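Read through the structure below, which is laid out as structure tokens, and then see the notes.
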Amino acid sequence: MKTELLKVDEKCDEILKRAAELIKGGSLVGFPTETVYGLGTNAFDADACLNIFKAKGRPADNPLIVHISRPEDAEKISYTNELYYKLAKRFMPGALTVIMPKRDIIPGSVTAGLDTVAVRCPINKIAHKLIELSGVPIAAPSANRSGKPSPTSAKHVFDDMDGIIPMILDGGDCEVGVESTVIKIDESSIILLRPGAITFEMLKEVCDNVSISSAVTEELKEGEKPLSPGMKYKHYAPKAELYLIDDNYVDFVSFVNERSKTENCAVMCYDEEAERITSDKLLPVGEKNDVKKQTKRLFMLLRKADDMKVMTIYAHLPEKGGESLAMYNRMIRACAHRVIGGTNGKI
Ligand code: TXA
Ligand code: MG
């Protein structure tokens with residue numbers, strides 16, 4: 001199959017209409033959102049949704065997110081409640097995905113047989129218009145091949161999906177750079193299943209009862225079933241072995257300089273450290289205090305490290321809270337909990 005890669009903005013009506021027709025007809029289209037690129041199709045079309053799993057090589061038990069253009073459209077596909085509307089008023093459109101009981105109209109192939117559905121209303125203008133023009137909700141996971149870092153540019157999608165899908169819309173680099181915050185709600189409580197740009201602290205401002213699923217920060221125990229199936233897979237894994245360095249215990253610069261003498265390694269450092277690091281395979285992630293920029297660049301740098309064909313990657317262990325929690329979660333899983341220094345670490 002030939003894959004069209006088309007530069008767009010929200011005013012490119014002709015291209016967006018064509019993309020919407022493809023989606024309505026059950027084909028797969030790569031499209032930008034503010035978090036990462038999605039691989040979308042008609043959420044009411046059971047077979048089309050099965051094709052998403054094939055295109056990604058995604059395990060059949062990992063459900064998809066359904067994208068809507070207006071928060072109230074959640075009504076058509078799920079059983080909402082007052083808390084949903086409180087959250088919607090504050091955070092939608094935006095990087096928040098809410099899991100609620102599903103209505104029958106959503107096929108089991110979207111939810112991997114679960115009786116709940118994940119609902120998200122993106123703020124990206126291209127995504128918004130695409131959903132409106134399609135006239136149906138769009139089921140879309142991240143547009144990477146399963147196991148690779150989520151794509152934050154159209155080129156990443158092209159690298160993974162060329163020849164597999166008919167169209168990719170190029171709307172530039174994603175602003176956030178990690179996937180949306182995923183929460184499960186009932187009438188009065190929220191469980192945070194995947195941290196993102198909408199933080200635990202922000203959710204607390206809307207609801208007193210917010211808890212964080214242990215799968216966000218801890219390794220799953222043998223046989224343990226996470227609340228979000230996606231959390232059990234070793235996601236975002238670069239080909240090289242990633243190690244995180246806990247700077248509370250190990251001096252990052254001396255450690256990586258020592259290692260680069262004998263190892264083919266890449267170093268993901270803060271911008272201000274770059275000059276003092278002797279390795280020629282540097283991946284500056286942003287200034288130490290600029291967590292937003294670091295988050296935005298993370299997946300791009302993990303892909304770049306793969307291109308460098310290194311054996312190992314060293315990076316800082318992010319803080320386990322606040323707006324860093326999303327980075328912590330992605331990185332601790334990408335490195336399979338290999339931390340150097342610190343209480344749970346080794347050297
Ligand atoms: O930012 C995002 O959320 C991007 C863009 C494209 O919207 N999408 C995305 O989708 O990251 P995906 O499929 O890569 O991640 C969806 C996550 C998975 O971990 C999945 O297990 C979880 O949401 N999920 C979906 N439906 C669920 C459900 N009914 N119950 C529990 N977890 C669910
Ligand atoms: Mg994904």
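Assorted remarks:
- When the residues of region 42-67 are filtered to those that are of a type in the set (Asp, Glu) and open to solvent by 50 Å² or more (accessible area, probe 1.4 Å), the one that is nearest to ligand 1 (Cβ to nearest atom) is ASP61.
- For region 185-197, the criterion of being part of a strand (DSSP E or B) and within 10 Å of the chain's Cα centre (by Cα) is satisfied by at least one residue.
- Condition check for ALA60 on (1) within 23 Å of PRO151 (Cα to Cα); (2) assigned to a loop (DSSP other than H, G, I, E, B); (3) out of contact with any strand residue (DSSP E or B) (no Cβ under 9 Å at 6 or more places or on another chain); (4) modelled with pLDDT of 95 or more: one failure, at (4).
- Residue match in region 307-322 (condition: modelled with pLDDT under 95, open to solvent by 20 Å² or more (accessible area, probe 1.4 Å) and touching a strand residue (DSSP E or B) at 6+ places or on another chain (Cβ under 9 Å)): yes
- Filter result for THR97 (among the polar types (S, T, N, Q) and either over 25 Å from VAL176 (Cα atoms) or outside the structural domain of ARG120 (by TED's automatic domain parsing) (or both)): no
- Within region 155-178, tally of residues that are open to solvent by less than 10 Å² (accessible area, probe 1.4 Å) and either within 15 Å of ILE123 (Cα to Cα) or away from ligand 2 (no atom under 16 Å from the Cβ) (or both): 6
- Residue match in region 70-88 (condition: within 16 Å of ligand 2 (Cβ to nearest atom), outside the structural domain of ARG330 (by TED's automatic domain parsing) and outside any loop (DSSP other than H, G, I, E, B)): no
The values are calculated or read from the model by the stated rules, or taken from the named source; none is laboratory data. From a predicted model like this one, the values you see are computed outputs, not experimental measurements. Don't worry about glycine lacking a Cβ; one is built from the backbone with ideal geometry, like all the others, and counts go over all protein chains shown. Just so you know, the surface numbers come from the protein's heavy atoms only, side chains and all, with ligands and any DNA or RNA stripped out. Shrake-Rupley method; radii C 1.70, N 1.55, O 1.52, S 1.80 Å.
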